[in-house]
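Working notes, structure below.
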Amino acid sequence: MVDFWLLATEEGGFGLEFNLLESNLINLVIIWGVLFYFGSKFLGGNLSSRRASIEEAIQDAERRQREAKRSLGEQQEKLAQAQSKAKEIVESAKQNATKVSEDILAQAQADIERMQAAADQDVSFQQEKVARELRQRISELALERAEAELPARLNPEIQTALIDKSIALLES
């Protein structure tokens, strides 16, 4: 064993010993003992609290996962119901649109028929009116012509024969 002295005097002195096997092994055992004695309480407390917080976080995460799965299931059920309701609404709207379209077409057809009947009636009325006016005008013209020609053609003999004939018709 080699001893190295930093300062050496006859009376004694201060020095460091660099014998690794003797000095460091003892120091390490003492340090480990102190660390084990004091550190086990400190580290044990920290580790157990850390472990408890990790376990609590895991339980909380598992609880949230269960809640999320439950919520997801509820939302999926609501989505399915909403999609079903939307399909019903779309089908109902299609049926209503078809019915309204048919009603509009039927109403339009009825309006067309009514307008055609009114037009036909109007045409018939106009034809009758024209025919009446024409007959009236013909009658007026015939009377005018007869009045104009009658004095020239009517002599006393024809006038007496006409009166006799009229009286005979009235008697019978």
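The values are calculated or read from the model by the stated rules, or taken from the named source; none is laboratory data. Note that the coordinates shown come from a computational prediction; the quantities given were computed from them, not determined experimentally. FYI the Cβ positions are ideal-geometry reconstructions off the backbone, even for glycines, and counts take in every protein chain you see.
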Show the residue pairs that are 6+ apart or on different chains and have beta-carbon atoms under 9 Å apart, the first residue being within the range 128-155 and exposed (fewer than 10 other Cβ atoms within 10 Å of the Cβ), the second being assigned to a helix (DSSP H, G or I).
none
Restricting to the range 146-172, name every residue that is modelled with pLDDT of 85 or more and not hydrophobic (A, V, I, L, M, F, W, C).
T160, D164, K165, S166
Counting just the residues of the range 1-57 that are modelled with pLDDT of 50 or more, outside any helix (DSSP H, G or I) and small (G, A, S), which one comes out nearest to the chain's Cα centre (by Cα)?
G15
